[in-house]
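Right, I'll just put the structure down here and ask away after.
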Amino acid sequence: MTIDFASFTPAASLAGGVMIGIAALLLMLLHGRVMGISGILGGLVRPTSGGDVGWRVLFVFGALLGPLIVIYLLGRPVAVQPVADGMLLPVAGLLVGLGTAIGSGCTSGHGICGLARLSLRSAAAVGIFMCAAVITVYVIRHTG
Amino acid sequence: MLRSLTIIFIGALFGAGLAIGGMLNPAKVAGFLDIFGVWDPSLAFVMGGGVVANFIGMRLVQRRRAPLFAGSFRLPDAAGIDRHLVGGAVLFGVGWGLGGLCPGPAVSSLVLVPGDVGLFVVMMLAGLFGGRVLMARRTR
């Protein structure tokens, strides 16, 4: 195993992670909701009979503001380098949407929230999607 | 009003955390997933920091009967590890590996590179819709 020390950002990534964890905590403490983004978006595209769309819109609005606030405060851009283009990107999007709807969660819901609640179901989901993602990147980068 | 502002604040804290942590950069995500190549373990620190911060706080939250601005805590139903969970996680993992974007970062990076992630997000929302229709019709 070779570590990519040139790209390694443990302090910034830990800080970002703690911010995400505190956000998840506040959403549960104040509003009693799990901060799962696929679930929040899923309730927007196909609302349940109870409605409850308003808070989801507000959350997404905030999530869009967040990176802009970081850019303003730090005074430099946030790095975004795509890895997929052409037909690959929409296919990836479809798989992410389908998979998180069928698997009841994504990196935030199963990862940050499920693991913190010691949910066995979430731990299984995280293990499986991590393995599938690692294998996918391996196939793209190291085969063929 | 205060209730709405707190939700916007929480969303912004989440989006800012993604940006600072490096989650908005698909190249960094691919570098994290590429454990058999030149590996960048940074995003394990995002996951670790997020889980530990949430875990510690949840000990205190769980002593409360109800959240501050809502009637009750809405936690997922305790279902087992079924074929939907496994199959869905596989599909999601493949999509995450292909595009380097999971749902939160896909949304938050819309303000940074709308042209690059716009189509991804549209297809992701279509997939979420289709998946929820499937799940509503499922037979257990």
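Take chain A, connect every pair of alpha-carbon atoms lying under 10 Å apart with a spring to form a Gaussian network, then pick out the residue of A:Val91, A:Val45, A:Val83 with the largest mean-square fluctuation.
Maximum among the listed residues: A:Val83.
Residue by residue, what Karplus-based ³J(HN,Hα) values in Hz, rounded to whole numbers, does the range B:83-89 have, using 6.51, -1.76 and 1.60 with θ = phi - 60° and x for Gly and Pro?
These are the phi-based 3J(HN,Hα) values: 5, 5, 4, 5, x, x, 5 Hz.
How large is the convex hull of the Cα atoms of chain B per residue, expressed in Å³ as a whole number?
Values: hull volume 23.4 nm³, N = 140.
Per residue, the Cα convex hull of chain B comes to 167 Å³.
Would you kindly derive the ³J(HN,Hα) couplings of the range B:30-40 from the backbone phi angles with the Karplus curve 6.51 cos²θ - 1.76 cosθ + 1.60 (θ = phi - 60°), listing them in order in whole Hz, with x for Gly and Pro?
Coupling constants for the range B:30-40: 5, x, 6, 7, 8, 6, 8, x, 8, 8, 10 Hz.
Between B:Val113 and B:Arg59, take the C-beta separation as r, use R0 = 35 Å, and let me know the FRET efficiency to the nearest 0.05. Could you put the intermediate results ahead of the total?
Numbers: r = 38 Å, r/R0 = 1.10.
Step by step, r from the Cβ atoms, then E = 0.35.
Just the number please: accessible area per residue for the protein assembly as shown, 1.4 Å probe, all protein chains included, in Å².
Working: 12470 Å² over 284 residues.
About 44 Å² of surface per residue is accessible.
Follow-up question, since we're still on this one. Chains A and B: buried accessible surface, both sides, probe 1.4 Å, rounded to 100 Å²?
Working: alone 11200 and 10910 Å², together 12470 Å².
Adding both sides of the contact gives about 9600 Å².
Ok, one more. Taking the alpha-carbon centroid of each part, what is the distance from the range B:69-90 to the range A:80-124 in angstrom?
14 Å
Assuming a ≥ b ≥ c are the square roots of the Cα gyration tensor eigenvalues, decide whether the protein assembly as shown counts as rounded (a/c under 1.5), prolate (otherwise, with a/b larger than b/c) or oblate.
Numbers: a/c = 1.41, a/b = 1.19, b/c = 1.19.
Judged from the Cα gyration tensor, the protein assembly as shown comes out rounded (a/c under 1.5).
Please list B:112-118, A:125-131, A:107-113 highest first by mean number of surrounding beta-carbon atoms within 10 Å per residue.
Working: B:112-118: 15.4, A:125-131: 21.7, A:107-113: 29.1.
The peptides rank, most packed first, as A:107-113, A:125-131, B:112-118.
Using θ = phi - 60° and the Karplus curve 6.51 cos²θ - 1.76 cosθ + 1.60, what whole-Hz ³J(HN,Hα) does each residue of the range B:104-111 get, with Gly and Pro shown as x?
Working through the residues one at a time gives x, x, 4, 5, 5, 7, 4, 6 Hz.
How much of the calculated P(r) for the range A:10-142 lies past 26 Å, in percent of all Cα pairs?
Details: 2809 of 8778 pairs.
Roughly 32 percent, rounded to a whole number.
Now a separate question. What order, most packed first, do the peptides B:13-25, B:60-72, A:60-72, A:24-36 have when packing is the mean number of other Cβ atoms within 10 Å of each residue? Spell out each step's value before the answer.
Values: B:13-25: 28.8, B:60-72: 11.5, A:60-72: 19.8, A:24-36: 23.6.
The most tightly packed comes first, giving B:13-25, A:24-36, A:60-72, B:60-72.
Sticking with the crude label model, points 7 Å out along Cα→Cβ, report the distance from A:Thr143 to B:Leu134 in nm, one decimal please.
So the two model labels end up 2.2 nm from each other.
The values are calculated or read from the model by the stated rules, or taken from the named source; none is laboratory data. Everything numeric in this text was worked out from a predicted model, so none of it was measured. Ideal geometry is used to build each Cβ from the backbone, glycine not excepted, and the neighbour counts take in all protein chains shown. Just so you know, the surface numbers come from the protein's heavy atoms only, side chains and all, with ligands and any DNA or RNA stripped out. Shrake-Rupley method; radii C 1.70, N 1.55, O 1.52, S 1.80 Å.
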